[in-house]
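One structure below.
The values are calculated or read from the model by the stated rules, or taken from the named source; none is laboratory data. For clarity, every value in this text was computed on a predicted model and none was experimentally measured. Glycine also receives a Cβ, built like all others from the backbone with ideal geometry; neighbour counts cover every protein chain displayed.
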Amino acid sequence: MDVKKNKRVAIVGAGPSGLAACKHALGKGFRPVVFESGAAVSGVWARTLSSTRLQTPASTFRFSDFPWPAGTAPEEFPRHDHVVAYMTAYARRFGVLERVRFGSTVLAAEYVGPSEREVAAWERWSGNGEAFGDGTGEWRLTVQHAGSEGTQTYEFDFLVLCVGRYGVAKVPKFPPGRGPEVFHGQVLHSMNYSRMAHADADELIRGKRVVVVGSGKSGLDTVAHCAEANGEHKETVIYRSAQWMVDTKLIWGGVSFGKLAMTRLAELMVHEPGEGFLLFLLATMLTPLRWLTATLAEAYLKMHIPFKKHGTVPECSFSQSILGWRLGTLPEGFYDMVSEGSVQIKRCDSFSFCANGLVLDGTGERVDADVVILATGFDADRLLRGVFVSPRFREIVASGDSDTMLPLYRHCVHPRIPQMAVVGYAESAASIYPYEMMAKWVAHLLDGAVRLPGVAAMERSVAEWERWGQWAERGSGAFFLKSCIATVTTWYHDQLCRDMGYSPRRKKGGGLVAEWLQPYGPTDYAGIQ
Ligand SMILES: Cc1cc2nc3c(=O)[nH]c(=O)nc-3n(C[C@H](O)[C@H](O)[C@H](O)COP(=O)(O)OP(=O)(O)OC[C@H]3O[C@@H](n4cnc5c(N)ncnc54)[C@H](O)[C@@H]3O)c2cc1C
């Protein structure tokens, strides 16, 4: 009997990351249990505004070995319910669905066995460098099942956290007497608004004056959605700094800047984590070319999007926004709504609440409102950090010294947290296939095919990524999406491929030209199982 396959593997979360983690663990003969607090697979996609669509085209947002249903054009941006249908079909096809326990929230994860002091002193991850250690340690999960009063505990030999980074709202703080408590209307975060049943969400804003705070992706999607749902009413979005919010068709269609950025040649123009001298030299020499390309793209976008007319010219250059990934796509027809007057845009550095709405600091202008929706972002680390019972694990996994990178080796395992992996925290331009690559790597680790170096070497690698993140943050004008690997995705995948024993050069046919000039995407990695 294969002893390894009797090992108990828990996966927390049945979003795209959890589904991929389960599929690939099943592929290696494990029988994981997936705990999902919601009632459906597909994570954020199961609870969005009725108007939400992908902002990346179908051809880039897919699992490597599972195409979209026939009839979905590669350049299409499927609707949220089509994403859910696609994810559900994937889960069904690969036997994942029957491994999911819905309505099961993991409240706490406790490592039981070797003491924290012993774990901290280990020179090899999990004590011996193996996924399951020497068998003396295990994870004890406390789970709340929907409909039952108490909690249940379960023991597992390995824990995979796929909890996502969009599950906890970030809400601004206000001085006493200037916060939501003085407002007579209703205040909610865009996450909670998106999670409402669609009819209830429309009912909440019907005939109301809605003010949305924040001009990122969620902010513009929300205000456009409210304007559409609310007919003749005028909705307002207020924002602090204008970001690069661009038309999907301009960024992915025609001369697709999105696709160009996914080539190896484009990656050669940025520094890479742990690069050698030659690559360093090359990236330095190619910096003017990167600047020129980004400047041309910037001029093109400014020519086609009426930023200037509406006072929303982005405050950083396009080149900076790419490095820091401060970039999103506009809802369809957004600036038409602004021109028609159904959406108005107001800029202010800060604001406070009054009885009838908001007061914009600086000008003192009052904006009347019945409903205020705060599209003020997410606390990306909270779900991850919050699951650990150990204060030490909580501290080292996410709330250390860095805002730039989560200190995970290969963006998956913490060198000093045993028998545990994270899938889906590191962000890329199109998120699914990088998560899937992480899931494949973790499955190979479980299976013993990926061999980890010692803890010290893992920490050196983590430090390289941290230094790289700090470089990217400086180049981006101080905004860097934590653990964003968008500009070096293929470089990262090369590392995972080598670890798993696969060639990182994945273009079939076309030789060097294809390798360097064709965009890398999901299907290039289909052969890795
Ligand atoms: C509005 C929106 C639009 C987006 N659009 C795009 C896009 O166009 N293209 C793109 O590439 N990416 C996009 N993203 C990024 C998005 O994060 C990914 O598409 C993807 O959903 C992330 O998958 P995930 O499985 O890692 O996390 P999630 O989708 O967040 O799934 C995590 C799952 O874990 C569950 N969970 C969390 N904690 C627990 C717990 N303690 N116990 C049990 N279950 C738990 C949650 O219920 C959830 O189902 C978008 C994100 C948002 C919020």
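Within the range 109-129, identify whether any single residue is surrounded by fewer than 17 Cβ atoms within 10 Å (Cβ to Cβ), more than 30 Å from V246 (Cα to Cα) and within 9 Å of the ligand (Cβ to nearest atom), and answer yes or no. Checked the range 109-129: no residue is surrounded by fewer than 17 Cβ atoms within 10 Å (Cβ to Cβ), more than 30 Å from V246 (Cα to Cα) and within 9 Å of the ligand (Cβ to nearest atom). When L323, L358 are screened for being crowded, with 21+ Cβ neighbours inside 10 Å, away from the ligand (no atom under 16 Å from the Cβ) and part of a strand (DSSP E or B), only L358 passes. Residue-level analysis places G150 outside the set of residues that are part of a loop (DSSP other than H, G, I, E, B), touching a Pro at 6+ places or on another chain (Cβ under 6 Å) and away from the ligand (no atom under 13 Å from the Cβ). When you look at Y425, is it surrounded by 24 or more Cβ atoms within 10 Å (Cβ to Cβ) and either without any contact (Cβ under 8 Å) to a residue 60 or more places away in the chain or in a helix (DSSP H, G or I) (or both), yes or no? No; evaluated as a whole, the condition is false for this residue. Give me a count of the residues in the range 54-78 that are without any contact (Cβ under 8 Å) to a residue 40 or more places away in the chain and either touching a helix residue (DSSP H, G or I) at 6+ places or on another chain (Cβ under 8 Å) or within 14 Å of T248 (Cα to Cα) (or both). Number satisfying all stated conditions: 9.
If only residues of the range 203-214 that are within 27 Å of the chain's Cα centre (by Cα) and away from the ligand (no atom under 15 Å from the Cβ) are counted, the one that is nearest to K173 (Cα to Cα) is V213.
Could you list, in sequence order, the residues of the range 214-239 that are among the basic types (K, R) and at pLDDT 90 or above? K217 - this is the single residue of the range 214-239 that is among the basic types (K, R) and at pLDDT 90 or above. May I ask you to verify whether A514 is within 23 Å of P67 (Cα to Cα), free of Cβ contacts under 8 Å to residues at least 12 places away in the same chain and either part of a helix (DSSP H, G or I) or touching a His at 6+ places or on another chain (Cβ under 7 Å) (or both)? The answer is yes for A514. For the range 232-247, the condition of being assigned to a helix (DSSP H, G or I) and in contact with a helix residue (DSSP H, G or I) (Cβ under 9 Å, 6 or more places away or on another chain) holds for none of the residues. Are any residues in the range 79-106 out of contact with any helix residue (DSSP H, G or I) (no Cβ under 8 Å at 6 or more places or on another chain), without any contact (Cβ under 8 Å) to a residue 60 or more places away in the chain and within 14 Å of the ligand (Cβ to nearest atom), and if so, which ones? Hits for the range 79-106 are R79, D81, H82, Y86.
Quick grid of which residues meet (1) within 18 Å of T142 (Cα to Cα); (2) more than 6 Å from the ligand (Cβ to nearest atom); (3) not in a helix (DSSP H, G or I):
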{"residue": "A14", "(1), (2), (3)": "yes, no, yes"}
{"residue": "S17", "(1), (2), (3)": "no, no, no"}
{"residue": "G29", "(1), (2), (3)": "no, yes, yes"}
{"residue": "S37", "(1), (2), (3)": "yes, no, yes"}
{"residue": "A40", "(1), (2), (3)": "no, yes, yes"}
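The set of residues in the range 169-192 that are in contact with a helix residue (DSSP H, G or I) (Cβ under 6 Å, 6 or more places away or on another chain) and within 14 Å of the ligand (Cβ to nearest atom) comprises A169, S190. For the condition crowded, with 20+ Cβ neighbours inside 10 Å, in a loop (DSSP other than H, G, I, E, B) and of a type outside the set (D, E, K, R), P273 qualifies. Among the conditions (1) crowded, with 21+ Cβ neighbours inside 10 Å; (2) under 21 Å from the mean Cα position of the chain (by Cα), A25 misses just one, which is (2).
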